[in-house]
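The values are calculated or read from the model by the stated rules, or taken from the named source; none is laboratory data. A quick note: this is a predicted structure, and the numbers were derived from the prediction, not measured. Neighbour counts run over all protein chains shown; Cβ positions are idealised from the backbone, glycine included. Just so you know, the surface numbers come from the protein's heavy atoms only, side chains and all, with ligands and any DNA or RNA stripped out. Shrake-Rupley method; radii C 1.70, N 1.55, O 1.52, S 1.80 Å.
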Amino acid sequence: MSGITLQNITKRFKTETAVDDVSLSIQDGEFVVILGASGSGKTTILRIIAGLEVQTTGHVFIGDVLVDDYEPRDRNIAMVFQSYALYPHLSAYDNIAFGLRVRRIPREDDPDRDRHLTHQEIDGKVRGVSQMLGIAEMLQKRPSELSGGQRQRVALARAIVRDPEAFLLDEPLSNLDAKIRSNARIELKRLHQRLRQTFVFVTHDQTEAMTLGDRLAIVNHGRLLQCDTPERTLSHPLNQFVASFVGSPEMVFLEGNVESTGGGFTFVKGPVRIPVRGTGSPGAVTIGLRPWDIRVEKASTPGTLSGRVTGVERLGSSDQLFLDVASPPGASPTTPAAPVSLRALVRAYDFDVGDGVFVGFDPDRALFFNAEGGRLESMSISSPLP
Amino acid sequence: MKPRRRRRWTRWAKRIASHVVLIIACIFAVFPIYFIVVTSLSTLPIAGITAHVLLPNPSQLTLSSYNTVLLHESPSYLSLLENSLIFSGSAAAIGLLLAAFTGFALSKFNFPGRRTFVYFILLISLFPSVVMIIPFYLMFAKLGLIDSYIGLIIPYSAGAVVFSGILVKNYMDSIPDDIEEAALIDGMSRTEAFFRVMIPLCLPVLGLAAFLAFMGPYTDYAYAHVFLTSSDKWTLALGLYNINSSDTGTQNYGLVTSFAIVMSLPIVAFYMVFQRYIIGGLTLGAVRG
Amino acid sequence: MADLRDQTLGFRLRHEWPAYLYLLPTVAVLLVLNAYPIAYCIYISMTDFGTGGRGSLLSYHYIGITNYQFALTTGASTSLALVENSFLWAGGSVVLFLLIGLGLASVLNQPLRGRAIYRTVILLPWAFPAFITLLVWTNMWGYEYGIINSMLNLVGIPSVNWLLSTPTAAWSALFITNIWLSFPFYTVVFLATMQAIPKDLYEAASIDGAGTFSQFRRITLPYLAPTVIFVGLMGFLFTFNNFYPIYLITNGGPGISTQIFITESYNDAFGAHGATPLFSTAAMYSVLDFLIIVCLTLVVIWRTDLTRNWLK
């Protein structure tokens, strides 16, 4: 097993750029999730690592070996496809054994020559992996006779049995029912902890990404936007896209303007006015807030804005409230403006549609972005709300 | 507007009309086959056959025509069958090999010139195969290949390439690229993947292609009539045609129809067993949603 | 692999070249055994091979487009008849195929008792090799002893000399035989297409108040249209050059009233009666046939996406 390094990988088609100058270093034994929407180029990156697709420019290293000119079969990587791509004409056993039968290993007595694995060797490996994945009982069945979850295990077994340098997984959980998917997620994580091998996992599902990945590589329009631990991508997104893509429910964005007021600056969005601190000049700024960082109270406290619940989404253990926030109590806005919409995550069944509420938030948690979506690290909310 | 009530009698009338139409269609479909079967089991002269066909007389049923056709005709049925199998078998084998390669290249590669190639084979396939006999005959006459096995196997093999190639390609298109890619990842070259994964997966359509490539020569008269002059190389189709011509003299349908049945039997049996594959394979390109 | 479609020429060449190896045997066969004979055939059509009376395998002369000029002037009436007959043969057959196929398919598409049996029986003719059943049909159409005339006599209709008296009788025999050969295929294709129409469309339509006829017109027909057009055009191209029915049943008779290009060509070259083989004339008719078919195919490609499947 070994790490994988991508150096300035670009994949250009005639009309579009699918992967745009991506560099990524994956450590030996690391579980990296490539997260992006469909069409973001994430699968293309995986296929370039596998050698199924050839990059236009840039280099791929597996371990320390430059593999740009290697055929897929010479890269010694395993891949689990979204469709599982099991051979329909072979039994589960033969599917798992297939790669072993093709493979040649150096001979013990003469390392310059190679040989096929023996029947016993293949059988031992196939049975071992099948035991581990709990599919030992269904080895004689054809893929069409297996359930989705079983097929997924066979596909995993086919990958594991080869003892590859790295595992590439292309949305392997997306064809599973919601019920078994969360289970499969946990098992996959355990499997990684047990094997301690390099996993590269592609998905569009951020829950999968958060639970599985040691690090997330977030991709959009072929560009690698950020590669960080799940916690860091959540708390320190490098830009507005990452901030909105990671975290559920999605981050709330307030698009407003920073105006000079007296000695300092104030963020203005409709009736909402928030004093801000930090370098910066007047202009368009977006404030991002996690729904769970927005406090909703029934009674007014200092620094809260008054608002009204316009909708409730019951999520089970918590509710997501849709709020319209007007001016702070007592303040009389010089110009009447449309209320600002927010979302907040609160304990279930505390509020209902139509309730009048007071809304506040932790100044330290607010993130600032410029008009291009870039993070404004230096800006923050200066004090509790007026 | 008053709600319409479901009227029983119109539904009945519709149902009965449907059955009538279908029964007529079935009689039309079956009658010639029935005619072949019944006349093959009799030795009645042509003039008296109608009454027997419409109301078969069990005492007149006999297998003697089969006996004559199989054992007492010249050239013998076995010799005709052997020749047919040589021609059809070779054509099917060669055609199949070419079709598998062509289908794979057209389905799973995007080589420069692919579009040109497809138009090229489309154009070539439009030249009516029957009239290709003219250039073949003249070419092979010069080469001294007339009335030889190889001289007829060659045009037969050429005949099926385009159609079977397209048939295989359409089928391979329905196999996801994933499967082949999984084989590449599993350690195979594309050639290995072709032989060890694609070919086994395409067995149904390859069987169909082989069947069609076999059928062409098996029932060909136009080429064989021109190319095979000595009767020891005659095929079943020539034998059948010959019996049909001489039957007009003997005023007896029994021989030609029993020959027709024996000759059709393997084809009909194959067809019955693999009906679903054949219809599915042939309508793959035709049925569009 | 398919994802490389948008790549540049050089890139595709570097990664897709093995395709040429796979195509090599086929290309060799196509060039040597198809393209070359076709070219040779075109050449023969421009010689006096057989027509000059001194044509032998070794001695014939290039005479340019003389044969074609002859076909358009002195031989114009024959050429015109061949064109008319070929189009009547293909067009008439296809219209009948489509009507009967659509009709039977829509009857079979209802929930009827015994549907599977009807379907199996209707498919029977298709299981038999056409060449074999055509020979039997020839006998059935016989004037004196043919079973069709015998059965007509039973119901009081006098015998018709189907194959030798009038063009109408000969064409009727040809069309009926051809229908028998082909209607199973058309019925099954249309039935399969009809069964692929989502049932909830009909349910939605009936809730919206559409009657049987209106459902057929607004749902079934639009769904079927692509298949009908495609199958019809392919059927036309196929029938245009369908040799055996005419060769075996009427062999172009009476006179040349049912002669089409391909039978005329075959008979000119290899006709019985011990006549001199008219290879150049035969080649010319086959080239004309080819040209017509190519033009028709261009129309088909232009009107439909015939090559969509092939080029995808």
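Only one of the numbered conditions (1) of a type outside the set (A, V, I, L, M, F, W, C); (2) in a helix (DSSP H, G or I); (3) buried (at least 19 other Cβ atoms within 10 Å of the Cβ); (4) not assigned by TED's automatic domain parsing to the domain that holds residue B:52 is violated by residue B:246, and that is (3). Of all residues in region B:104-116, those satisfying the criterion of being facing chain C (nearest Cβ under 7 Å) and in a helix (DSSP H, G or I) are B:104, B:105, B:108, B:115. Taking each residue of region B:136-164 that is in a loop (DSSP other than H, G, I, E, B) and looking for partners that are open to solvent by 20 Å² or more (accessible area, probe 1.4 Å) with beta-carbon atoms closer than 6 Å, six or more apart or interchain, yields B:147/B:229; B:147/B:230.
Screening residue C:286 against (1) open to solvent by less than 10 Å² (accessible area, probe 1.4 Å); (2) at the interface with chain B (Cβ under 10 Å from one of its Cβ atoms); (3) outside any helix (DSSP H, G or I) leaves a single unmet condition, (3).
Here are A:223, A:196, A:232: which of them is surrounded by fewer than 20 Cβ atoms within 10 Å (Cβ to Cβ) and on the phi > 0 side of the Ramachandran plot? Unique residue meeting the criteria: A:196. Evaluating residue B:88 against the criteria (1) assigned to a helix (DSSP H, G or I); (2) open to solvent by 40 Å² or more (accessible area, probe 1.4 Å); (3) more than 24 Å from residue C:143 (Cβ to Cβ) leaves one unmet condition, (2). One residue alone among C:173, C:210, C:192, C:169 is touching a Ser or Thr at 6+ places or on another chain (Cβ under 8 Å), among the small types (Gly, Ala, Ser) and more than 30 Å from residue B:122 (Cβ to Cβ), and that residue is C:173. Here is the figure for region C:131-152: residues that are surrounded by 19 or more Cβ atoms within 10 Å (Cβ to Cβ), within 7 Å of chain B (Cβ to nearest Cβ) and not aromatic (Phe, Trp, Tyr) total 8.
Listed by position, the helices (runs of 4 or more DSSP H) inside region B:167-237 whose residues that are without any contact (Cβ under 8 Å) to a residue 40 or more places away in the chain and at the interface with chain A (Cβ under 9 Å from one of its Cβ atoms) number at least 1 are B:177-185, B:190-193, B:203-218.
For region C:184-207, which positions are open to solvent by less than 20 Å² (accessible area, probe 1.4 Å) and part of a helix (DSSP H, G or I)? Let's see the steps before the verdict.
Taking region C:184-207 and keeping what is open to solvent by less than 20 Å² (accessible area, probe 1.4 Å), we get C:184, C:186-191, C:193-194, C:197, C:205.
Scanning region C:184-207 gives C:184, C:186, C:187, C:188, C:189, C:190, C:191, C:193, C:194, C:205.
Contact map, region B:106-124: first residue under 9 Å from residue C:23 (Cβ atoms), second residue among the polar types (S, T, N, Q), Cβ cut-off under 7 Å, separation 6 or more or different chains; the map is empty.
Quick one: which of A:277, A:232 is among the charged types (D, E, K, R) and over 30 Å from residue A:324 (Cβ atoms)? Reasoning before the result, please.
Working: A:277 fails: over 30 Å from residue A:324 (Cβ atoms).
After applying the criteria, what remains is A:232.
Criterion first (within 9 Å of another protein chain (Cβ to nearest Cβ) and surrounded by fewer than 16 Cβ atoms within 10 Å (Cβ to Cβ)) does residue C:117 satisfy it? Against the criterion (within 9 Å of another protein chain (Cβ to nearest Cβ) and surrounded by fewer than 16 Cβ atoms within 10 Å (Cβ to Cβ)), residue C:117 qualifies. Tell me which residues, restricted to region A:91-119, are of a type outside the set (Val, Ile, Thr), at the interface with chain B (Cβ under 8 Å from one of its Cβ atoms) and surrounded by fewer than 22 Cβ atoms within 10 Å (Cβ to Cβ). Within region A:91-119, just A:103 meets the criteria.
For residue A:35, indicate whether it is within 30 Å of residue B:198 (Cβ to Cβ) and open to solvent by less than 10 Å² (accessible area, probe 1.4 Å). Let's see the steps before the verdict.
Values: within 30 Å of residue B:198 (Cβ to Cβ): no; open to solvent by less than 10 Å² (accessible area, probe 1.4 Å): yes.
In short, no.
Going through (1) at pLDDT below 85; (2) open to solvent by less than 30 Å² (accessible area, probe 1.4 Å); (3) more than 7 Å from chain C (Cβ to nearest Cβ) one by one, residue B:125 falls short only on (2).
Any idea which residue in region A:129-175 is modelled with the lowest pLDDT, counting only those that are basic (Lys, Arg) and crowded, with 19+ Cβ neighbours inside 10 Å? Give the derivation first.
Here is the first cut: in region A:129-175, the ones basic (Lys, Arg) are A:141-142, A:151, A:153, A:158, A:162.
If we keep only those that are crowded, with 19+ Cβ neighbours inside 10 Å as well, we get A:151, A:153, A:158, A:162.
Numbers: A:151: 92, A:153: 91, A:158: 91, A:162: 86.
Among those residues, the one meeting the criterion is A:162.
Let's see how each residue does on (1) in contact with an Asp or Glu (Cβ under 7 Å, 6 or more places away or on another chain); (2) within 11 Å of chain B (Cβ to nearest Cβ); (3) buried (at least 18 other Cβ atoms within 10 Å of the Cβ); (4) not in a loop (DSSP other than H, G, I, E, B):
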{"position": "C:209", "(1), (2), (3), (4)": "no, yes, no, no"}
{"position": "C:221", "(1), (2), (3), (4)": "no, no, no, yes"}
{"position": "C:236", "(1), (2), (3), (4)": "no, no, yes, yes"}
{"position": "C:239", "(1), (2), (3), (4)": "no, no, yes, yes"}
{"position": "C:255", "(1), (2), (3), (4)": "no, no, no, no"}
{"position": "C:262", "(1), (2), (3), (4)": "yes, yes, yes, yes"}
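Please find, among C:85, C:34, the residue that is surrounded by 15 or more Cβ atoms within 10 Å (Cβ to Cβ), more than 7 Å from chain B (Cβ to nearest Cβ) and closer than 27 Å to residue C:234 by Cβ.
Numbers: C:34 fails: more than 7 Å from chain B (Cβ to nearest Cβ).
On inspection, the qualifying residue turns out to be C:85.
Among residues of region A:52-76 that are under 20 Å from residue B:186 (Cβ atoms) and assigned to a strand (DSSP E or B), those with a beta-carbon under 8 Å from a residue that is open to solvent by 50 Å² or more (accessible area, probe 1.4 Å) and not charged (D, E, K, R) at least six positions away or on a different chain give the pairs A:60/A:7; A:60/A:66. Considering (1) among the aliphatic types (A, V, I, L, M); (2) modelled with pLDDT under 85; (3) touching a Phe, Trp or Tyr at 6+ places or on another chain (Cβ under 7 Å); (4) over 27 Å from residue B:132 (Cβ atoms), the lone condition that residue B:272 does not fulfil carries the number (3).
Scanning region B:231-241 for residues that are open to solvent by 60 Å² or more (accessible area, probe 1.4 Å) and within 15 Å of residue C:134 (Cβ to Cβ) yields a count of 1.
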